[in-house]
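Since the structure comes first, as structure tokens, the remarks are kept for the end.
The values are calculated or read from the model by the stated rules, or taken from the named source; none is laboratory data. No experiment lies behind these values; they were computed from the predicted model shown. Don't worry about glycine lacking a Cβ; one is built from the backbone with ideal geometry, like all the others, and counts go over all protein chains shown. All accessible areas refer to the heavy atoms of the entire protein, side chains included, with ligands and DNA or RNA removed. Shrake-Rupley method; radii C 1.70, N 1.55, O 1.52, S 1.80 Å.
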Amino acid sequence: MTDFIHRFEPATDAGSPPLLLLHGTGGDENDLLGLGKMISPGSALLSPRGRVLEHGMPRFFRRLSEGVFDEEDVRRRALELGDFVADARKQYGIVAPVAVGFSNGANIAAALLLLKPDVLAGAVLLRAMVPLSDPPKANLDGKPVLLLSGQADPIVPASNSAQLAALLTQAGASVTHKVLPAGHQLSQADVTLARNWIGSVDAKAA
Ligand code: MLT
């Protein structure tokens, strides 16, 4: 199995979509388990640790500076994560997951959507930015994506998250983009909106 340190928690409700939890810079495989349980109790949780270290802090791809990505590494790491998800699906017997990514984790999830659309059933992108300046033409074919941005986010300019929403929409995703009165950190509103959104996606899929 592609080698990611990870946690897996089986579903307690077979009808809930599995979640692929992707932490932010300096986080690990334990970080988002609580969030996953809050937004979709009953879902299987698959939570890998990013394999890139920046001054000892795990990430999902290399960056040259804050907000400036090593795009070759973004591509390579996104495909590697896609392979991990495919292996984990076989090992744990789960269907394609909905990604729930925060910050760097949201950025790799966005890259994965653009590079390997079949890996994810959808995505919750929390404080994401455009991961690739020249992404391939993807066909996201109505895939549901919730993008939650912070109005006062010092890392992600409003124009950048708007561009990401447009990029995913052009690729055919069904994007809901909301800008919250928040910074880069998550707020209670993120949890509530993500929970309601997952519930509605789930109901449509059932
Ligand atoms: C990134 O590097 O992915 C973004 O700058 C967000 C972050 O991790 O700080």
Pairs where the first residue, in region 143-163, is under 16 Å from residue 123 (Cα atoms) and the second is open to solvent by less than 50 Å² (accessible area, probe 1.4 Å) and in a loop (DSSP other than H, G, I, E, B), C-beta under 6 Å, 6+ apart: 143/173; 145/173
Restricting region 33-61 to residues that are of a type in the set (A, V, I, L, M, F, W, C) and over 20 Å from residue 74 (Cβ atoms), which is most open to solvent (accessible area, probe 1.4 Å)? 38
It is to be established whether one or more residues within region 2-18 are in contact with a Leu (Cβ under 9 Å, 6 or more places away or on another chain), modelled with pLDDT of 95 or more, open to solvent by less than 20 Å² (accessible area, probe 1.4 Å) and closer than 18 Å to residue 199 by Cβ. yes
Qualifying residues in region 141-166 (those that are more than 16 Å from the ligand (Cβ to nearest atom) and out of contact with any strand residue (DSSP E or B) (no Cβ under 8 Å at 6 or more places or on another chain)) - the one nearest to residue 130 (Cα to Cα): 166
Taking region 50-61 and keeping residues farther than 11 Å from residue 131 by Cα and in a loop (DSSP other than H, G, I, E, B) leaves 50, 51, 55, 56, 60
Under 17 Å from the mean Cα position of the chain (by Cα) and either surrounded by 16 or more Cβ atoms within 10 Å (Cβ to Cβ) or not in a loop (DSSP other than H, G, I, E, B) (or both): is that true of residue 64 in this structure? no
List the pairs whose first member sits in region 52-65 and is closer than 16 Å to residue 109 by Cβ, whose second member is open to solvent by 100 Å² or more (accessible area, probe 1.4 Å) and outside any strand (DSSP E or B), and whose Cβ atoms are under 7 Å apart, counting only residues at least 6 apart or on separate chains? 52/62
